[in-house]
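J.: The structure's right below; bear with me while I get my questions together.
Just so you know, all these numbers are worked out from the coordinates, no wet-lab data involved. Note that the structure is a prediction, hence the values are computed from the model and not measured. Positions of Cβ are backbone-derived with ideal geometry, glycine not excepted, and every protein chain shown enters the neighbour counts.
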Amino acid sequence: MLRDKLLGSVFSKTVRDWLLWTVIAVIAMWLISALYIGIMALSGDAYVTMMDDFPEALASVYGMNNGTPEGLAMSAIYFLIGPLVLLTYAIGLGSSAAVGEEEARSLPILLSSPLRRRSILLAKTAVASIGVLVITALTWLGVVAVAALVGMDLSDQNVLGVSIQLLGMVFLFGALALGLSAWRGSSALGVGVAAGLAVLSYFVTTLLPVVEDLADVAKLTPWYLFSGADSLSNGIDVILLGIAVLIAAALFGLGVFTLDRRDLKG
Amino acid sequence: MTTTDGAAPIKTEGLTKHYKDVKALVDLDLEVQQGEVFGFLGPNGAGKTTTIRSLLHFIFPTAGKATVLGMDVATDAVEVRGRVAYMPSEYSLYPKLTGAENITYLANLRGGVDKSFVSSLAERLEVDLTRKVSDLSTGNKQKVGLIQAFMSKSELVILDEPSTGLDPLMQQELQTMIREVRDDGRTVFLSSHSLAEVERVADRVGILRSGHLVVVERVDALKRKAIRRIDLEFDDPVETAAFETIDGVRSVEARGNTVVVSFEGSVNGLLRAALDHNVVNVNSREADLEQIFLDYYHGNGSHAA
């Protein structure tokens, strides 16, 4: 029976535990993507005109916009809603991978089995990472399919490019939540700092370039590793993506290292 | 069942754990022998759970070392846990899973668990494993925890407050299960607040007070050494002075025609002094572990640190 098979290991049980969240995230992204693409296909030009009248700062916060209905739809999906959904998922599950069992007080029973702490963390991180990849891939497929359905002219490759560029930043913030949670044994710390930094870096990255002298400061935020690539127009920026992935890997390594060396709570 | 190279199931040397300024465990030297039930007693915060968590490498000792089944817990933690069964005092099962699913998951992770043995344990403990854990009472959750501890037939079973939430009948069944482990040549390390439970099943006890191990003794020997109480009833009130100077007498109290004497050691001198008067009745109370425990807890035990 599938239910029993999913209890064969930490990895498969975690798949079972987190499947619902993954399905909800995919459906949310599909619905939002369909909604934006549909609206922009029907009355995109009116929105473009409206956006042109927006103050520069407000338009900047809204996201990238190349002055077309397609650009507006992609901005909404990949620079606002997509990051929101994916970051919520990655930060939540990253933290849960590190200390979910500890805070739920199921860790003593789980660790009475011959398991290493890091094995549990690795298994859960793998599930969360696969979940992020699945949501991203299915969102891309959904966007491409809906765009084709309504006749919107999108470059499949560039949409894929922005999806992959987004992954780097999502992994970075997920790993930050994981690393901090594992270090201190506290999901509140991991989630709070990662979510706070994500929001802060979003506003810094989108608002500071409005002021010419501060434009370069915006390039120092994690968000810039995604938005600075302008992947919708230019495809993947390998250097920015590589930096994001390296930081994510370092934070994950820090999480493993500290989890192995601290007293467990409870 | 044999331990690694005949090593003690549990051995600690100078095991110490400090949390900032709190000395949770101080210089613990302890050796548990194979095939015994070792009772580990102490009031809340005495360091019992800290000891167990150190043995399983959930926490890192400030000083000292511990071996379990001959393996260093610091370097061989996973191997240790593979050969030890453990029931924590405070834990949660997975509430969305049924009891059976919880057991299946943990059995799969451990491997080598006989499903029919799990069923027989569930039958003995009278727990319905088909129900979700979130729907189970505290006692029934405890039973699921007990099943996971006993199902693997491990060489060493560590139980931390295992009878919490169990009714008297189930406590009795648990004691039978503990004795069966011992009869099988395996070892049980039983940390408990239930002094009566420890008294019934343990071969030896260790008593912790404020992180210090104050005594390790066989239960029967401990009782022999303990302060007992005898009520001597006379036909008239008698002076207590005659009893106060007798060897082993700790306290004497007159209550009407009755003299209540607390003493340790032989009762001969006391009885000889009593026979100088007309004795109507003698009521001797056997020392139970609770009184012994309290004596050590308050620092009155003859071996108390």
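J.: Simple spin-label model, 7 Å along Cα-to-Cβ: B:Asn44 to A:Ile27 in nm?
T.: Roughly 4.5 nm, to one decimal.
J.: Measuring from a point 7 Å past the Cα of A:Ser233 along Cα-to-C-beta, which residues in the range A:78-97 have an amide N at less than 20 Å?
T.: Inside the label zone: A:78-80.
J.: Follow-up. Take every residue in peptide B:131-142, count the Cβ atoms of other chains within 10 Å of its Cβ, and give the average of those counts.
T.: 0
J.: Follow-up. List the aspartates and glutamates whose Cα lies under 15 Å from the Cα of B:Lys20, skipping any in the same chain that are fewer than 8 positions away.
T.: A:Asp263
J.: I've got another one for you. Give me the lysines in straight-line cross-link reach of A:Lys124: C-alpha distance below 25 Å, same-chain residues under 8 apart excluded.
T.: Counting by Cα, and skipping residues close in sequence, A:Lys124 has these lysines nearby: A:Lys5, A:Lys13, A:Lys265, B:Lys96, B:Lys132.
J.: Please list, in order, the residues from the range A:79-94 whose amide nitrogen is less than 17 Å from a point placed 7 Å along the Cα→Cβ vector of A:Leu149.
T.: none
J.: Can I ask one more? Could you calculate the FRET efficiency of B:Gln33 with B:Leu294 from 1/(1 + (r/R0)^6), where r is the beta carbon distance between them and R0 is 22 Å, rounded to 0.05?
T.: That gives a FRET efficiency of 0.25.
J.: Quickly work out the B:Ala221-to-A:Asp216 label distance, labels modelled 7 Å from Cα along the C-beta direction, and quote it in nm with one decimal.
T.: 8.0
J.: Set the Förster distance to 25 Å, then compute FRET efficiency between B:Glu123 and B:Ala196 from the Cβ-Cβ distance, nearest 0.05.
T.: Calculated value: 0.45.
J.: Additional query: Simple spin-label model, 7 Å along Cα-to-Cβ: A:Ala249 to A:Ser43 in nm?
T.: Each label point is offset 7 Å from its Cα along the Cβ direction, giving 4.9 nm.
J.: How would B:Leu25, A:Leu111, A:Leu35, A:Leu246 line up from fewest to most surrounding beta-carbon atoms within 10 angstrom?
T.: Least crowded to most crowded, the residues run A:Leu246, A:Leu35, A:Leu111, B:Leu25.
J.: Explain nothing, just the number: relative contact order of the range A:2-260, from Cα pairs under 8 Å at least 6 residues apart, as a whole percent.
T.: 23
J.: What residues from the range B:97-129 fall in the zone where the backbone N is under 14 Å from a label point 7 Å along the Cα-to-C-beta line of A:Leu19?
T.: Of the residues in the range B:97-129, B:97 have backbone N under 14 Å from the label point off A:Leu19.
J.: Quick one: check the C-alpha center-to-center distance for the range B:93-162 versus the range B:30-92, whole angstrom.
T.: The two parts, judged by their Cα centres, are 21 Å apart.
J.: With a cut-off of 8 Å between alpha carbons and a minimum separation of six or more residues, what is the relative contact order of chain B in percent?
T.: Reported relative contact order: 20 percent.
J.: I've got another one for you. Counting only C-alpha contacts under 8 Å and six or more residues apart, can you give the relative contact order of the range B:1-131 as a whole percent?
T.: After rounding, I find 22 percent.
J.: Something else: Which percent, to the nearest 5, of DSSP beta bridges fully inside the protein assembly as shown are antiparallel?
T.: 70
J.: So in chain B, what percent of DSSP beta bridges are antiparallel if you round to the nearest 5?
T.: Rounded to the nearest five, the antiparallel share is 70 percent.
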